[in-house]
Amino acid sequence: MAIILRTNKLLYSIRWQFAVIYLILVGIVFGLVSVAVSSLVEDYLVNQRVSALTKAANSTAVQVAPYLSDDDAGTIYDIVVNNGNDSGGRFLVLNSSGIVVVDSFSDLNGVKLSDREVNDILYGRNSSSYGFHSISDPSGDFWAVYCTSSIVHNGQIIGAVLYSSSIQDVVNATGMLQERTLAIFLLACGIIIIISLFTTNLITKPIKKLTDVAIKISNGDLSQRANIRGKGEVAELAQTFDMMCGRIQNMDQQRSEFVSDASHELKTPLASMKILVESMLYQDNVPEEVYKEFLGDINGEIDRMNSLITDLLLLSKMDSDIVTINLEKVRISSIVNKCVNALEPIARERNIRVRTDLSDDFELECDPLKLRQAINNLIENAIKYTGDGGHVFVTTKHHGGEGAVRIEDNGVGMSPEHLEHIFERFYRVDKARSRETGGTGLGLHIVRRIALMHGGRVDVESQEGKGSVFTLVVPLVQHTEDIL
């Protein structure tokens, strides 16, 4: 019980651990994907913007080059103002010393700039450069990109054009993308949590049901079944578990019936002996012949109890796999003749003729003592249930790899509803007649167990009032895998 309860707790722990681990893994993967996508989008937008601004700076540099060499500030101003109005940015034209010659906004004229983008052009001999700057002004803070392009005249760099434009829209778009990605991530996490809980519940639900059923069975309720349908491993396990439970319940029922039947069978002769003994004890002057009769009856009941106990011990050994098969090669005629000779006196008392036809004799590999006991039980059973003056016919025959002993009688026979039960323990077709003949109700069950131990079987045909035919079939050669 403690193991089952620990298993139940372990299932819940595994369920939550699985959900948390699954969520963490998906979160990490989704986070990495989100960062990668945001970076790719941001790089794409920035590169697009920088490329456009660089083209505008290069174009302006080409336009102002001849006028800068002539110090024509007015024309340069007109060009940068027009270009700035068209592109929505700010143009600054610097000379070779980094001093602003013309500013389209007219704020930085005469100011020397030492920004990296300017130095890359004037002192680094690069044709273009760009960089990002955080700008603060009365309208608010924003990010801007500086794109610079060299002004070349007669093969010499005589200055630079700095094109400044806000890139805050790209920053905002990227931020919005990240916010939406975060929102999608949180939503996805919520969905993942729900799905993972549902999935783990779907997986662990049949296992929990199996655990609950196992707990009820351990408490003694053997009628419980999981009843889990499907094609998965858990469903297959549950179906196997239900089959096992069915067999356990059947075995428990058989055990209960066996104990009940055995108790009843042992109690009956004891009750008979008690009545006989009390009759002798409490009666005076009982004739000697009556004493002898009662003692004879008591002796018969003792023999019956002894036979019953012997059969019960044999069945107990068979059930616990204590009985082993000692294989020998023998002729079937030898075994049958020993059985017939031993039972001939009983048959003769009731004027029953036992005939044999052993012309189809054969050699087989078997346990002679056990096979003799099975054949003896079948012949003895035929004699018991055959009326006075009847006959029992025993024949042998072999075909292929099997040998058969057929016992036919013209006794009382059985109706069809009894045939499927006659090999069960303590089953009797006619209980009153069985007690008269001293039967224990275990003979045919022992016969079938011995046949199964040899890898064989017992067939029966019977008609009520006409007799019965029992056929014991066993392999001529025993194989290890055939022995139960």
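The values are calculated or read from the model by the stated rules, or taken from the named source; none is laboratory data. Keep in mind it's a predicted model, so treat the numbers as computed, not measured. When we count neighbours, we look across all protein chains shown, and the Cβ atoms used for this are built from the backbone with ideal geometry, even at glycine.
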Which listed residue is in the same structural domain as R348 (by TED's automatic domain parsing) and at pLDDT below 90, from E461, E420: E420
Inter-residue pairs, beta-carbon under 8 Å, first on the phi < 0 side of the Ramachandran plot and in the stretch 360-388, second among the polar types (S, T, N, Q) and in a loop (DSSP other than H, G, I, E, B), 6+ apart: E365/Q478; C366/Q478; D367/N326; L369/N326; T386/N410; D388/N351
Lone qualifier among F185, F241 - being modelled with pLDDT of 70 or more, more than 24 Å from the chain's Cα centre (by Cα) and buried (at least 16 other Cβ atoms within 10 Å of the Cβ): F185
Where residues in the stretch 102-134 are in contact with a helix residue (DSSP H, G or I) (Cβ under 6 Å, 6 or more places away or on another chain) and assigned to a strand (DSSP E or B), which of them is farthest from Y146 (Cα to Cα)? V102
Hits in the stretch 400-422 (condition: in a loop (DSSP other than H, G, I, E, B) and either free of Cβ contacts under 8 Å to residues at least 60 places away in the same chain or hydrophobic (A, V, I, L, M, F, W, C) (or both)): G400, N410, G411, V412, G413, M414, S415, E420, H421, I422
Which of (1) under 60 Å from the mean Cα position of the chain (by Cα); (2) in a strand (DSSP E or B) is the odd one out, the single condition Q178 does not satisfy? (2)
Which residue is surrounded by the fewest Cβ atoms within 10 Å (Cβ to Cβ), if the candidates are limited to the stretch 26-79 and must be touching a helix residue (DSSP H, G or I) at 6+ places or on another chain (Cβ under 7 Å) and free of Cβ contacts under 8 Å to residues at least 60 places away in the same chain? T75
Out of all the residues in the stretch 272-293, which are loosely packed, with under 10 Cβ neighbours inside 10 Å and within 24 Å of N306 (Cα to Cα)? none
Among the candidates L378, L369, which residue alone is modelled with pLDDT of 90 or more and of a type outside the set (D, E, K, R)? L378
Looking at N299, N250, which one is at pLDDT below 75, part of a helix (DSSP H, G or I), surrounded by 11 or more Cβ atoms within 10 Å (Cβ to Cβ) and not assigned by TED's automatic domain parsing to the domain that holds R425? N250
Search result, residues across the stretch 80-97 that are farther than 21 Å from I121 by Cα and of a type in the set (A, V, I, L, M): V81
Looking at the stretch 369-424, which of the residues that are basic (K, R) and farther than 17 Å from D459 by Cβ is farthest from the chain's Cα centre (by Cα)? K384
Looking at Y123, Y130, can you tell me which residue is touching a Cys at 6+ places or on another chain (Cβ under 6 Å) and either at pLDDT below 85 or assigned by TED's automatic domain parsing to the domain that holds K55 (or both)? Y130
Qualifying residues in the stretch 353-406 (those that are farther than 17 Å from A451 by Cα and among the basic types (K, R)) - the one surrounded by the most Cβ atoms within 10 Å (Cβ to Cβ): K384
Report whether or not G84 is surrounded by fewer than 17 Cβ atoms within 10 Å (Cβ to Cβ), at pLDDT below 90 and out of contact with any Gly (no Cβ under 9 Å at 6 or more places or on another chain). no
Identify the residue in the stretch 190-210 that is hydroxyl-bearing (S, T, Y) and within 20 Å of I228 (Cα to Cα) and, among all such residues, is surrounded by the fewest Cβ atoms within 10 Å (Cβ to Cβ). T199
